[in-house]
Number of protein chains: 2
Amino acid sequence: MSSQFSEQDHYFMQTALDLAEKGRFTTTPNPSVGCVLVKNGQIVGRGFHFKAGELHAEVMALREAGENARGATAYVTLEPCSHYGRTPPCAKGLIAAGVTKVIAAMQDPNPAVAGNGLKMLAEAGVESAVGLLQEKAESLNQGFLKRMRCGLPFVRLKMAMSLDGKTAMENGESQWITGEAARRDVQGERAKASAILSTAQTVLADDPLLTVRWTQLPASVQQNYPLENLRRPIRIILDRRQLVRPEHKLFQESSEVWLVGDRERDLSAFPAFCRAICVQTEAGKTYLQSMMAELAKRQINSIWVEAGKNLAGALIEEGLADELILYIAPKLLGDKARGLCDLPHLTRLADAPLWKFHRFCQIDTDIKMIYHPLKHNQ
Amino acid sequence: MSSQFSEQDHYFMQTALDLAEKGRFTTTPNPSVGCVLVKNGQIVGRGFHFKAGELHAEVMALREAGENARGATAYVTLEPCSHYGRTPPCAKGLIAAGVTKVIAAMQDPNPAVAGNGLKMLAEAGVESAVGLLQEKAESLNQGFLKRMRCGLPFVRLKMAMSLDGKTAMENGESQWITGEAARRDVQGERAKASAILSTAQTVLADDPLLTVRWTQLPASVQQNYPLENLRRPIRIILDRRQLVRPEHKLFQESSEVWLVGDRERDLSAFPAFCRAICVQTEAGKTYLQSMMAELAKRQINSIWVEAGKNLAGALIEEGLADELILYIAPKLLGDKARGLCDLPHLTRLADAPLWKFHRFCQIDTDIKMIYHPLKHNQ
């Protein structure tokens, strides 16, 4: 696919991808997008989307380029939009500025765009090409793309465990299995997610904050993500039995908390940033599948799950986990300790959910491994 | 330490280490040793030890060098021996051949040598130096060195598990958690060990052969280890309750089996290659510690352990495991499945045995991770 592209094309698209990264923590529910305008081999405009409601990448790049945009080539990490949303369509802006060629890393699967941006350009006589560094562009927006394509959020299941797959001692003691550096890494992962999902069970057991604590972010993240830009992921608590109480630590930080259940709920004792999300089990779906579809409808692109073995097991059994992120501490806790995931329906080895190894890194004395599903056990 | 050595010295010692590797599968209970004789910058003799009772590396290199040994420098991966064993002392051989300098990667901790080889050289006016590429030389003979230094074998504990630390389904089904390539790798690891240790419990449950099957060795091992050289590691079965019977598959291959227990045992129904090893618990030691000391006395350098969670846990709790080798399959088996190790005495997270990450590699779809103890939980 990319043989039609020159080495220079690759370089400029990589620059656009690097720019897109700058919105990595803040654009949700929008995708992260970067744009570079190039004229006579020189970059004349750079742009990236930072936050919903603010400038799109193309507009920002066009502003920098000014008159230089005329006759330039635009490198964008996602097909320019064609619809009037919070801002006018970027395809129109590129045409009006006199850009003569557009190279997009990938088509936008958003049904409101889905090729229409490219069509709009073609109709105005602007040359276009798609597919340069597409894989990198895909990985930049896993959440947005999953939501657009499947009507579901991209679900990342975090598990911190010992070498023997244990998450806590028999008595529940779990602070801390992994080391400080791994816990900082978790803060960085939380910061990227649209929402953090946990359960009432975990809230009752551990009373966590489930916030992003800027001071605890890895230094590499802090550098690119100053405190004043901090976006607080929505904290979603699965609480069908209505066990979470206003006294829980969750409510000590005033960022959104969504309590998910299947009945109406009186929240008068809770702070105003706490909302009840009522989800019913849809026909042909499990409760969790219905909940995920509802969260996608509410524009949740990506979910970072920190929960116990029941929710972990259910997400895995129901094919809802798109990524496993294992933090493995160099400890052994023994057989009595608490396990990683409950898979009550699994009885034969041949039916065990299969995963594909994706990435490995060492974080101080701990290991981080990432796996993707090979097939869903649905 | 190695600043006294030139780049050329490093090159020749590495050549000697590569030669030593050729005995990697066969020298037990002796160490693997390589030797290179260099004169005027040219290698004039190469040698390695292949098997107990056969030529020492130095003698083989001296034979190749012939008269060229006079005035040469010898690079040996272990201090030349000074004692009359199955062969005369190599230090004497080097002196007699007129070698003028000896560089050894490390001193031999064997109490029968322990510096005496170097002393013998010095007394004859042969210059010597020690410590070049010592770390590599150490890792070549972990087993021999542990036995010489501590009177214990080097124990490598193999565990094949799912991502969630499970080794079998609830009903015991465990064939196969890991893939074929990982199982071939296990064959290669077995082949390196002096002995393979398992338990009567495992024999009764799985009826394993516990042999090295040459056809199943990784191709890289087969290449350097032809079938005709195959050494069969001793199969040691911990069987205090005398449960192993002559019908077990263990006895289908005529290579040594040692049944370890604490009482006399009638082996008249067993094949001749089966021996009973009677071990009593020594004062101040556990039974396993006493057994390991006895196995070291019987010249077992290194042990590859394939057993269930009880022996694994006990070896870990008693500080006897020198290395964990984890083969991790990309599967999840869930909480009901069988665990990795039983640590009955562990109740506080702070007391969990700590390990240090050593090595990671991908074997087809599986992962192999190696850990060393950070501190023993003794």
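The values are calculated or read from the model by the stated rules, or taken from the named source; none is laboratory data. Fair warning: this is a prediction, and the values are worked out from it, not measured in the lab. Here Cβ is always computed from backbone atoms with ideal geometry, including for glycine, and neighbour counts include all displayed protein chains. All accessible areas refer to the heavy atoms of the entire protein, side chains included, with ligands and DNA or RNA removed. Shrake-Rupley method; radii C 1.70, N 1.55, O 1.52, S 1.80 Å.
Name every residue in the stretch B:178-194 that is in contact with a helix residue (DSSP H, G or I) (Cβ under 7 Å, 6 or more places away or on another chain) and open to solvent by less than 30 Å² (accessible area, probe 1.4 Å), in order of residue number.
Within the stretch B:178-194, B:Q187, B:G188, B:A191, B:S194 meet the criteria.
Which residue, of B:R298, B:R245, B:R265, is touching a strand residue (DSSP E or B) at 6+ places or on another chain (Cβ under 8 Å) and either over 25 Å from B:N141 (Cβ atoms) or among the hydrophobic types (A, V, I, L, M, F, W, C) (or both)? Show your work before the answer.
Working: B:R298 fails: either over 25 Å from B:N141 (Cβ atoms) or among the hydrophobic types (A, V, I, L, M, F, W, C) (or both); B:R245 fails: touching a strand residue (DSSP E or B) at 6+ places or on another chain (Cβ under 8 Å).
After applying the criteria, what remains is B:R265.
Looking at (1) part of a loop (DSSP other than H, G, I, E, B); (2) within 14 Å of chain B (Cβ to nearest Cβ); (3) farther than 30 Å from B:L349 by Cα, can you tell me which one A:K356 breaks?
(1)
Within the stretch A:355-378, restricting attention to residues that are surrounded by fewer than 17 Cβ atoms within 10 Å (Cβ to Cβ) and of a type in the set (A, V, I, L, M, F, W, C), which residue is modelled with the lowest pLDDT?
This residue is A:L374.
Out of B:A168, B:A160, B:A182, B:A191, which single residue is aliphatic (A, V, I, L, M) and farther than 27 Å from B:V260 by Cβ?
B:A182
Condition first: more than 30 Å from A:V212 (Cα to Cα) and without any contact (Cβ under 8 Å) to a residue 60 or more places away in the chain. Can you find one or more residues in the stretch A:44-54 that meet it?
Checked against the condition, which is being more than 30 Å from A:V212 (Cα to Cα) and without any contact (Cβ under 8 Å) to a residue 60 or more places away in the chain, the stretch A:44-54 yields at least one hit.
For a quick check of your reading of the model, give me the residue pairs whose first member lies in the stretch B:79-106 and is surrounded by fewer than 21 Cβ atoms within 10 Å (Cβ to Cβ), whose second is assigned to a strand (DSSP E or B) and modelled with pLDDT of 90 or more, with beta-carbon atoms closer than 6 Å and at least 6 apart or on different chains.
Pairs that qualify, where the first residue is surrounded by fewer than 21 Cβ atoms within 10 Å (Cβ to Cβ) and the partner is assigned to a strand (DSSP E or B) and modelled with pLDDT of 90 or more, are B:K101/B:T73; B:K101/B:E127.
Working only within the stretch B:115-127, note down all residues that are of a type in the set (G, A, S) and either crowded, with 16+ Cβ neighbours inside 10 Å or not assigned by the TED database to the domain that holds B:V59 (or both).
B:G117
One residue is enough: does the stretch A:282-291 have a residue meeting the conditions in contact with a His (Cβ under 6 Å, 6 or more places away or on another chain), surrounded by fewer than 19 Cβ atoms within 10 Å (Cβ to Cβ) and more than 7 Å from chain B (Cβ to nearest Cβ)?
no
Please specify each residue of the stretch B:1-43 satisfying the condition of being charged (D, E, K, R) and over 30 Å from B:P233 (Cα atoms).
Passing the criteria: B:E7, B:D9, B:K39.
Within the stretch A:64-78, work out how many residues are surrounded by 24 or more Cβ atoms within 10 Å (Cβ to Cβ) and either part of a loop (DSSP other than H, G, I, E, B) or within 25 Å of the chain's Cα centre (by Cα) (or both).
Total meeting the criteria: 5.
Are there any pairs, at least 6 apart or on different chains, whose C-beta atoms fall under 7 Å, with the first in the stretch A:350-375 and in contact (Cβ under 8 Å) with a residue 60 or more places away in the chain and the second of a type in the set (F, W, Y) and open to solvent by less than 10 Å² (accessible area, probe 1.4 Å), and if so, which?
So the pair list comes out as A:D366/A:Y327; A:K368/A:Y327.
Considering only the stretch B:329-352, I want to know if a residue exists there that is out of contact with any Asp or Glu (no Cβ under 8 Å at 6 or more places or on another chain), part of a strand (DSSP E or B), facing another protein chain (nearest Cβ under 9 Å) and over 24 Å from B:R147 (Cβ atoms).
Within the stretch B:329-352 (the criterion being out of contact with any Asp or Glu (no Cβ under 8 Å at 6 or more places or on another chain), part of a strand (DSSP E or B), facing another protein chain (nearest Cβ under 9 Å) and over 24 Å from B:R147 (Cβ atoms)), the answer is yes, since at least one residue qualifies.
Could you check, for the stretch A:156-173, whether at least one of its residues is away from chain B (no Cβ under 14 Å) and either open to solvent by less than 40 Å² (accessible area, probe 1.4 Å) or touching a strand residue (DSSP E or B) at 6+ places or on another chain (Cβ under 7 Å) (or both)?
Yes, the stretch A:156-173 has at least one match.
A:L315 - would you say it is open to solvent by less than 40 Å² (accessible area, probe 1.4 Å), over 25 Å from B:P344 (Cα atoms), part of a helix (DSSP H, G or I) and more than 7 Å from chain B (Cβ to nearest Cβ)?
Details: open to solvent by less than 40 Å² (accessible area, probe 1.4 Å): yes; over 25 Å from B:P344 (Cα atoms): yes; part of a helix (DSSP H, G or I): yes; more than 7 Å from chain B (Cβ to nearest Cβ): yes.
Considered against the rule, which asks whether it is open to solvent by less than 40 Å² (accessible area, probe 1.4 Å), over 25 Å from B:P344 (Cα atoms), part of a helix (DSSP H, G or I) and more than 7 Å from chain B (Cβ to nearest Cβ), A:L315 comes out as yes.
If you scan the stretch B:39-57, which residues turn out to be surrounded by 15 or more Cβ atoms within 10 Å (Cβ to Cβ) and in a strand (DSSP E or B)?
Selection gives B:K39, B:I43, B:V44, B:G45, B:R46, B:G47, B:F48.
Mind checking whether some residue in the stretch B:23-33 is open to solvent by less than 10 Å² (accessible area, probe 1.4 Å), in contact (Cβ under 8 Å) with a residue 24 or more places away in the chain, within 21 Å of B:N229 (Cβ to Cβ) and in contact with a Gly (Cβ under 9 Å, 6 or more places away or on another chain)?
Yes, the stretch B:23-33 contains a residue that is open to solvent by less than 10 Å² (accessible area, probe 1.4 Å), in contact (Cβ under 8 Å) with a residue 24 or more places away in the chain, within 21 Å of B:N229 (Cβ to Cβ) and in contact with a Gly (Cβ under 9 Å, 6 or more places away or on another chain).
Evaluate the stretch B:305-312: report whether one residue or more is open to solvent by 50 Å² or more (accessible area, probe 1.4 Å), part of a loop (DSSP other than H, G, I, E, B), in the same structural domain as B:L210 (by the TED database) and not charged (D, E, K, R). Spell out the reasoning first.
Taking the stretch B:305-312 and keeping what is open to solvent by 50 Å² or more (accessible area, probe 1.4 Å), we get B:309-310.
Going one step further and asking which of them are part of a loop (DSSP other than H, G, I, E, B), we end up with none.
Checked the stretch B:305-312: no residue is open to solvent by 50 Å² or more (accessible area, probe 1.4 Å), part of a loop (DSSP other than H, G, I, E, B), in the same structural domain as B:L210 (by the TED database) and not charged (D, E, K, R).
Anything in the stretch B:159-196 that is closer than 30 Å to B:C274 by Cα, assigned to a strand (DSSP E or B) and among the polar types (S, T, N, Q)? List them, or say none.
Residue satisfying the conditions is B:T167 alone.
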